[in-house]
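I have placed the structure first, in the form of structure tokens, so that the comments after it can refer back to it.
The values are calculated or read from the model by the stated rules, or taken from the named source; none is laboratory data. Note that this is a predicted model, so its numbers are computed, not measured. Reconstructed Cβ throughout: ideal geometry from the backbone, glycine too, with neighbour counts over all protein chains shown. Please note that ligands, DNA and RNA were not included when accessible areas were found on the heavy atoms of the full protein model with its side chains. Shrake-Rupley method; radii C 1.70, N 1.55, O 1.52, S 1.80 Å.
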Amino acid sequence: MTDVIGYPCCSILISMTEKILNPELNQMSATAIAHPNIAFIKYWGNRDEMLHLPLNGSLSMCLYGLTSTTTVRFDPSLKADELRLDSLPADEISLARVSSFLNNIRGLAGKNLYAQVESVNNFPAGAGIASSASGFAALALAASAAIGLSLSEQELSRLARLGSGSACRSIPGGFVAWLPGSTDLDSYAVSIAPPEHWQLFDLVTILDRGHKSTGSASGMALAHTSPRLGQRLAELPARLAACKQALLACDFEAFAELVEADSQSMHAVMQTSTPALKYTLPLTELILASVTSWRKQGYAACATVDAGPNVHVLCLPEAKSFMLQALHAIPGVLEVLVSQPGGPARLV
Ligand code: PMV
């Protein structure tokens, strides 16, 4: 199937239910807000690189207070898509990625229209928080609404996944599981508990605001070259089930061990890939070791790291003020952002 602009598009999405919101639409514009998410059990590697069908299921929490706000306006007078990120015209690579994502939506709606996209993050630029998850979740929701599609949460999660795998976990709210599925149709994320289920803090500890040299999409394409991948995949089903159980039972002790084990296992795969990927800094390792030792002293905290040097310190309310003070006291820590479980992506 090709869409009306002639792109080889979204045969993968044609099974989605299309409902035109308002056939008289003349104001084809919508704004959506989505939160980034932090994974407790990580996504690192695909069975299908293009569709982002993951090797394993993952678990995450949406981050309250941190947002991507995206406005999409389809306009018959435009000759190409336009993109502004954080108030500046985007580079060509970002524009091409967004444009190819929009092709899915144009194909679904059967509309030959280009769009103006404006996306703003409220978290510090380059703070090392994955803005692609919140960005593509907000874009999926805003663009589909702007063009007149009304998609279910499941359909939106599948759609966001095509932009960036972890973006599917920023569509539902609270604590979220990505069901890996085996095709485009059954690979999406669902909420397993609302934000108020557990008062867990994420103290996002920023050590470096620079952009990583290898993005997560190209980094995880190397996962298959790692001799540690087999072991990780063999361990994952039990770890995922145990982590979900600990989360649902609010059992911090069990949760903490599983979250740290999963982060270490993902970084072991990264570091043994060819070429090897080292996202952490010596200061990252120091903070990870410190958090583990503070937990041994009785503070309810654990740490996890994504594809970058910054550390997400997860803790319970009673440990928060000690952890904040201890983290700020470490030379080299630039900033600590405080977040809690957040809600789903939504239209504004
Ligand atoms: O969705 P991506 O391509 O940004 O990959 C996310 C990868 C990690 O952040 C390292 C892990 C995860 O599950 O979020």
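The strands (runs of 3 or more DSSP E) found wholly in the stretch 167-206 and carrying at least 3 residues that are assigned by TED's automatic domain parsing to the domain that holds Thr67 and under 13 Å from the mean Cα position of the chain (by Cα) occupy 175-179. Does the stretch 57-67 hold any residues that are buried (at least 21 other Cβ atoms within 10 Å of the Cβ) and within 13 Å of the ligand (Cβ to nearest atom), and which are they? Across the stretch 57-67, the qualifying residues are Ser58, Leu59, Ser60, Met61, Cys62, Leu63. Of all residue pairs spaced 6 or more apart or on separate chains, those with beta-carbon atoms under 6 Å, a first member in the stretch 272-285 that is among the aliphatic types (A, V, I, L, M) and a second member that is open to solvent by less than 60 Å² (accessible area, probe 1.4 Å) and not in a loop (DSSP other than H, G, I, E, B) are Leu277/Gly219; Leu277/Met270.
Does Asp208 satisfy the condition of being more than 25 Å from Pro344 (Cα to Cα), within 16 Å of the ligand (Cβ to nearest atom), in contact with a Leu (Cβ under 8 Å, 6 or more places away or on another chain) and of a type in the set (Asp, Glu)? So Asp208 passes the test. Residues that are of a type in the set (Gly, Ala, Ser) and part of a loop (DSSP other than H, G, I, E, B) do occur in the stretch 100-117, at least one of them. In summary, Tyr43 fulfils each of the numbered conditions (1) hydroxyl-bearing (Ser, Thr, Tyr); (2) surrounded by 20 or more Cβ atoms within 10 Å (Cβ to Cβ); (3) not in a loop (DSSP other than H, G, I, E, B) with the single exception of condition (3).
Among the residues of the stretch 129-146, those that are crowded, with 24+ Cβ neighbours inside 10 Å and more than 8 Å from the chain's Cα centre (by Cα) comprise Ile129, Gly135, Phe136, Ala137, Ala138, Leu139, Ala140, Leu141, Ala142, Ala143, Ser144, Ala146. Would it be correct to say that Gly163 is in the same structural domain as Ser119 (by TED's automatic domain parsing), at positive phi, modelled with pLDDT of 95 or more and not hydroxyl-bearing (Ser, Thr, Tyr)? Considered against the rule, which asks whether it is in the same structural domain as Ser119 (by TED's automatic domain parsing), at positive phi, modelled with pLDDT of 95 or more and not hydroxyl-bearing (Ser, Thr, Tyr), Gly163 comes out as no.
Return only the number of the condition from (1) at pLDDT 95 or above; (2) under 23 Å from the mean Cα position of the chain (by Cα); (3) within 16 Å of the ligand (Cβ to nearest atom) that Ser216 does not satisfy. The one condition Ser216 does not meet is (1).
Against the definition (surrounded by fewer than 21 Cβ atoms within 10 Å (Cβ to Cβ) and in contact with a helix residue (DSSP H, G or I) (Cβ under 8 Å, 6 or more places away or on another chain)), how does Val190 come out, yes or no?
yes
Per-residue answers, yes or no, for (1) buried (at least 20 other Cβ atoms within 10 Å of the Cβ); (2) without any contact (Cβ under 8 Å) to a residue 40 or more places away in the chain:
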site: Val176; (1), (2): yes, no
site: His197; (1), (2): no, no
site: Leu207; (1), (2): yes, no
site: Ala221; (1), (2): no, no
site: Glu235; (1), (2): no, yes
site: Ala241; (1), (2): no, yes
site: Gln245; (1), (2): no, yes
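Report whether or not Ser119 is open to solvent by 10 Å² or more (accessible area, probe 1.4 Å), closer than 22 Å to Pro309 by Cα and in contact with a helix residue (DSSP H, G or I) (Cβ under 7 Å, 6 or more places away or on another chain). Considered against the rule, which asks whether it is open to solvent by 10 Å² or more (accessible area, probe 1.4 Å), closer than 22 Å to Pro309 by Cα and in contact with a helix residue (DSSP H, G or I) (Cβ under 7 Å, 6 or more places away or on another chain), Ser119 comes out as no.
From Ala268, Ala301, Ala249, which residue is at pLDDT 95 or above, touching a Lys or Arg at 6+ places or on another chain (Cβ under 7 Å) and over 27 Å from Ala217 (Cα atoms)?
Details: Ala268 fails: over 27 Å from Ala217 (Cα atoms); Ala249 fails: touching a Lys or Arg at 6+ places or on another chain (Cβ under 7 Å).
None of the other options fit; the residue is Ala301.
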